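A.B. asks: One structure coming up, written as structure tokens, with questions to follow.
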Amino acid sequence: MTFSQSTKRELCRIEPESVCCYLAELSGIICAAGSVIFRGRGEKRLSIETENNALAQRCIRLLKEVFDVSPALATLRHARLGGKNTYRLTLDGEEAEFILNGCGIDMSRRSVPRDVTARKCCRKSFLRGVFLASGSITDPDKEYHLEMVLNDEGFAEALLRFMNKFELSVHKTERRGLVLIYLKGKESITDMLSIMGAQRARFSMDESIIKKELRNQANRAVNCDSANVQRTLNASEKQREAIQRFMDEHGKEALPPELQEAAALRLQYPELSLEELGELCDPKIGKSGMYHRLKRIEKLMQPG
Ligand SMILES: [Zn+2]
């Protein structure tokens, strides 16, 4: 199951805080996934389509609880889309009218219904409905991305303003004639999960963020180590050059014994740090002792 599917499954199991929230969630679902067609004699047919069976069942339940109506349910099979099902709920005539009015939706001028979202609890439920009907979220192990795909520009605009009030960082774009409302950035996405009531999804996203940060820290440490190694090698090269020049010009014997030892070790082990070279001396010396010996050789080669 994808992260998106498990998030939606969790959302479909939420018991709304109170009846007002049942209505708000239903309104969100219809705003995002509902459409109206006119049949003969001006009669309306409201249909709600989703590929998510759990959402279809939830929608049926909400319609029953709030309006005491039962929609017709049809399952459409798409051979083209790898045999994916679409569930279509339909309500005709007066019932369609009744539901749309009750949900505060004017299909000819779609927006976020004001009355239905007057309370804070209901605003959260409305957002949950919209996400369930049109949204998806990318696995946070891969990328931080949450989006809702809508077919109505007016509603998308209104939703953007509505979501901005939650202080989410919301963006809008278009894709193949559809409008995309999306969130980028882990804070906005975890906030949105909390607002909708998907606590488990939120926790697992938090966990994934922490894991990723630990991994990045470890990578930084490794990079830092390799920078140190590079510094050691650069310094070593300079020292070896000085030693070689000194020996070419004056011969090894011109160095005092302790410098001869240091020079020989440096030439033999170019990759070792000063500390490690000091360990090889007889008797052992510390890092700074080794540093001073090699510095003395470098100094001997400096003019003046
Ligand atoms: Zn409410």
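A.B. asks: Rounded to whole Å, give me the distance from the Cα center of region 116-160 to that of region 32-65.
C.D. replies: When both Cα centres are located, 18 Å separates them.
A.B. asks: Next up: I'd like the distance separating the alpha-carbon centroids of region 196-220 and region 252-280, in whole Å.
C.D. replies: After rounding, the separation between the Cα centres reads 49 Å.
A.B. asks: Further question: Can you give the angle from 0 to 90° between the axis of helix 287-300 and the longest principal axis of the chain, with both taken from C-alpha atoms, to the nearest 10?
C.D. replies: For helix 287-300, the angle is close to 60 degrees.
A.B. asks: Per-residue HN-Hα couplings for region 199-211, Karplus 6.51 cos²θ - 1.76 cosθ + 1.60 at θ = phi - 60°, whole Hz, x for Gly and Pro?
C.D. replies: Running phi through 6.51 cos²θ - 1.76 cosθ + 1.60 with θ = phi - 60° gives 5, 5, 4, 4, 4, 6, 5, 4, 4, 5, 5, 4, 4 Hz.
A.B. asks: Quick one: net charge of SER226's neighbours, Cβ under 15 Å, K/R +1, D/E -1?
C.D. replies: 0
A.B. asks: Quick one: which residues, 5+ away or cross-chain, put their amide H under 5 Å from the amide H of HIS145? H built at 1.01 Å from N.
C.D. replies: The answer is THR138.
A.B. asks: Excluding LYS44 itself, what net charge comes from residues whose Cβ is under 14 Å from its Cβ, given Lys and Arg +1 and Asp and Glu -1?
C.D. replies: Residues near LYS44 contribute -3 overall.
A.B. asks: How far is helix 3-12 tilted, in degrees, relative to the longest principal axis of the Cα atoms in the chain, given as a value from 0 to 90 rounded to the nearest 10?
C.D. replies: Once rounded, one gets 40 degrees.
A.B. asks: Going down the list LYS142/LYS172; LYS124/LYS211; LYS8/LYS120; LYS238/LYS299; LYS142/LYS186; LYS120/LYS172, which pairs span over 18 Å between their C-alpha atoms?
C.D. replies: Over 18 Å apart, Cα to Cα: LYS142/LYS172; LYS124/LYS211; LYS8/LYS120; LYS120/LYS172.
A.B. asks: Enumerate the amide H contacts of SER111 below 5 Å, restricted to partners 5 or more residues apart or on another chain; note that Pro and chain-start residues carry no placed amide H.
C.D. replies: Residues meeting the amide H criterion: ASP106.
A.B. asks: Could I ask something else about it? Throw me the Rg/Rh for region 224-300, computed over C-alpha atoms with Kirkwood Rh, two decimals.
C.D. replies: With Rg and the Kirkwood Rh in hand, the quotient comes to 0.96.
A.B. asks: Cross-link candidates for LYS212: which aspartates and glutamates have Cα within less than 19 Å, leaving aside residues fewer than 8 places away along the same chain?
C.D. replies: Cross-link targets: ASP139, ASP141, GLU143, GLU187, ASP191.
A.B. asks: Still on this model: In what sequence, highest mean first, do 57-67, 26-36 appear when ranked by Cβ atoms within 10 angstrom?
C.D. replies: Those peptides, ordered most packed to least, come out 26-36, 57-67.
A.B. asks: Could you state the angle between the C-alpha long axis of helix 257-268 and the longest principal axis of the C-alpha atoms of the chain, as a value from 0 to 90 degrees rounded to the nearest 10?
C.D. replies: The angle comes out near 40 degrees.
A.B. asks: At a Cα cut-off below 12 Å, give the aspartates and glutamates reachable from LYS44, other chains included and same-chain residues fewer than 8 away excluded.
C.D. replies: Here the aspartates and glutamates satisfying the reach criterion relative to LYS44 are ASP92, GLU94, GLU95, GLU97.
A.B. asks: Follow-up. What number, in nm² with one decimal, is the all-direction average of the projected area of the convex hull of the alpha-carbon atoms of the chain?
C.D. replies: That works out to 26.2 nm², a quarter of the Cα hull's surface.
A.B. asks: Quick one: 3J(HN,Hα) in Hz for region 159-169, Karplus 6.51/-1.76/1.60 with θ = phi - 60°, rounded, Gly and Pro as x.
C.D. replies: 5, 4, 5, 4, 6, 4, 5, 7, 6, 8, 8
Every number in this text was worked out from the coordinates using simple rules, so none of it is lab data. Every value quoted in this text rests on a predicted model; they were computed, and no experiment measured them. For neighbour counting, all protein chains shown are included, and Cβ atoms are generated from backbone atoms with ideal geometry for every residue, glycine included.
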